[in-house]
Amino acid sequence: METKIIPIEEGNINKAALKEAGKIIKNGGLVAFPTETVYGLGGNALDEAASGKIYRAKGRPSDNPLIVHICRMEDLYPIVREAPEEAMKLAEAFWPGPLTMILWKSDKIPYTTTGGLNTVAIRMPRHKTALAFIEEAGGYVAAPSANISGKPSPTLAKYVIEDMDGRIDMILDGGGIEIGLESTIIDLTEEVPMILRPGYITKEMLEKVIGHVETDEDVLKHGTGQAPKAPGMKYKHYAPKGELTIINGSRGRVIEEINKRSREMREKGEKTGIIGTEDTIAFYEGDVIKSAGKREEEATIARALYRILREFDDEGVSVIYSESFEGTAGIGQAIMNRLLKAAGYHIETV
Ligand code: TXA
Ligand code: MG
């Protein structure tokens, strides 16, 4: 299949291109598009065959449900069994934006889209290209992140092209992504609202709107023994090819320890990669040293993380050490959640 690649600016939307993209979706095809979190791989959420194509293009197991993206509040009601008060309040506060809500689904949403579940994940993104595209596509776009299953979510169009060229009909190239980590997912079908995946919208922000919220234990720990609530969390995720270890501790000790390990590994013939920050990278010794951004501006780290993991793969790094980003405020928890997954939960304190 030939994949059309069309550059499209958020501030200057190319209507003709979006019309064409919308038509592809209405005809059962697939289009990758930018959102404020990561690139999505879209298909018609109401069309079983289209959802099937999404799973195949990604190489994703079909029991791992897709998020349904909408562009207007009134489009929510036909796809849910009920719209609880909490959902209304959260939509009012955070939509359009990087929040996904899990609600009971109506018959309008096929089981292929929800991986066989009776619930459906729904998000209204705020990226202008995404909103206009969803509207052209008929209002309901099922979209996982636009990466091959098991790779980091794409935050640049070049990674979408790398993974999806030849597998889908069109890629809307919207340049770099603003947030860089996937949306926060909150499950509203249980008694207490539960965060299944942390993101830019934090627990504190959610609690200000709907009161007490819990966080699924799997978010920062591994192997609680229970079946994960978001099926996607049971699969190995975001793993770079190199063996990644997170080193936690005081700044000086971390630098010393990472350098010592990097030296030992290089002597054994390994190619080492190191993830530091702007104020530490000058002190490291390794083959490939990368700054994730500024420690006091966590948003810079969130935006860079997935790109860096992909770059290490491209550069053939076999062993990676990363500083820890234990931030608890803001997007820090989401950064740590993704980094821990990438490291297979391998973290050591020195
Ligand atoms: O920011 C995002 O959310 C991006 C952009 C494209 O919107 N999308 C995204 O989709 O990250 P994906 O498919 O890569 O991740 C969706 C996660 C998976 O872990 C999946 O298991 C979970 O959401 N999920 C989807 N529907 C669910 C449901 N009904 N119940 C529980 N978890 C669900
Ligand atoms: Mg994904």
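The values are calculated or read from the model by the stated rules, or taken from the named source; none is laboratory data. Everything numeric in this text was worked out from a predicted model, so none of it was measured. Using ideal geometry, Cβ is built from the backbone for each residue, glycine included, and neighbour counts are taken over all protein chains shown. These accessible areas exclude ligands, DNA and RNA; they are computed on the full protein's heavy atoms, side chains included. Shrake-Rupley method; radii C 1.70, N 1.55, O 1.52, S 1.80 Å.
Residue 63 contributes about 60 Å² of solvent-accessible surface, heavy atoms of the protein only, 1.4 Å probe. A cut-off of 5 Å between modelled amide H atoms, ignoring neighbours fewer than 5 places along the same chain, links residue 244 with 320. Centre-to-centre separation between the Cα atoms of the stretch 50-116 and those of the stretch 301-331: 29 Å. The packing ranking, built from the mean of other Cβ atoms within 10 Å per residue, places the peptides 256-262, 274-280 in the order 274-280, 256-262, highest first. Our summary of shape: the Cα atoms of the stretch 1-108 have principal axis extents of 45, 35, 21 Å, ordered from largest down, in whole angstrom.
Mind scanning 128/221; 26/221; 4/271; 203/341; 221/290; 4/294 and naming the pairs with a C-alpha gap bigger than 30 Å?
Check vs 30 Å cut-off fails for 128/221; 26/221; 4/271; 4/294.
Expressed as a whole percent, the accessible surface of the chain that belongs to carbon and sulfur atoms is 48, based on a 1.4 Å probe. Computed with a 1.4 Å probe on the full set of protein chains, the accessible area for residue 72 sits at about 80 Å². Kirkwood analysis of the chain, using all unique Cα-Cα pairs, places the hydrodynamic radius at 20.6 Å. Annotation: per residue accessible area for the chain equals 42 Å², rounded to a whole number [probe 1.4 Å, protein chains only].
Here the mean projected area of the convex hull built on the C-alpha positions of the stretch 243-349 is 5.9 nm². Each residue of the stretch 239-251 was assigned a 3J(HN,Hα) from its phi angle through the Karplus curve 6.51 cos²θ - 1.76 cosθ + 1.60 (θ = phi - 60°); the sequence is 8, x, 5, x, 6, 9, 10, 9, 10, 10, x, 5, 3 Hz, with glycine and proline shown as x. Simple point charges give the picture: +1 on the Cβ of Lys and Arg, -1 on the Cβ of Asp and Glu, and for the stretch 243-349 a dipole about the Cα centre of about 140 debye. Which whole-number percent gives the relative contact order of the chain, counting Cα pairs below 8 Å spaced six or more residues apart? Dividing the mean separation by the residue count of the chain yields 19 percent. Amide H contacts under 5 Å for residue 36: 126, 127, restricted to partners 5 or more places along the chain or on a different chain, H placed in the peptide plane at 1.01 Å from N.
For the chain, the dipole from Cβ point charges (+1 on Lys and Arg, -1 on Asp and Glu) about the Cα centre works out to 640 debye, to the nearest 20. Each of 318, 332, 300 was placed along the dipole of the stretch 243-349 (beta-carbon charges, centred on the mean Cα), and the one lying farthest toward the positive end is 332. Among 135, 92, the sequence by solvent-accessible area, most first, with a 1.4 Å probe is 92, 135. Highest average first, the peptides 170-182, 104-116 ordered by how many other beta carbon atoms sit within 10 Å of their residues are 170-182, 104-116. Between residue 14 and residue 313, the modelled label-to-label distance comes to 2.7 nm, taking each label 7 Å out from Cα in the direction of the beta carbon. Couplings 3J(HN,Hα) of the stretch 277-291, computed from phi: 10, 3, 8, 10, 4, 5, 8, 8, 10, x, 7, 10, 10, 10, 8 Hz, in residue order, whole Hz [Karplus 6.51 cos²θ - 1.76 cosθ + 1.60, θ = phi - 60°; x for Gly and Pro]. Residues in the stretch 133-140 carry Karplus couplings, in order, of 5, 4, 4, 4, 7, x, x, 10 Hz; the curve used is 6.51 cos²θ - 1.76 cosθ + 1.60 with θ = phi - 60°, and Gly or Pro positions show x.
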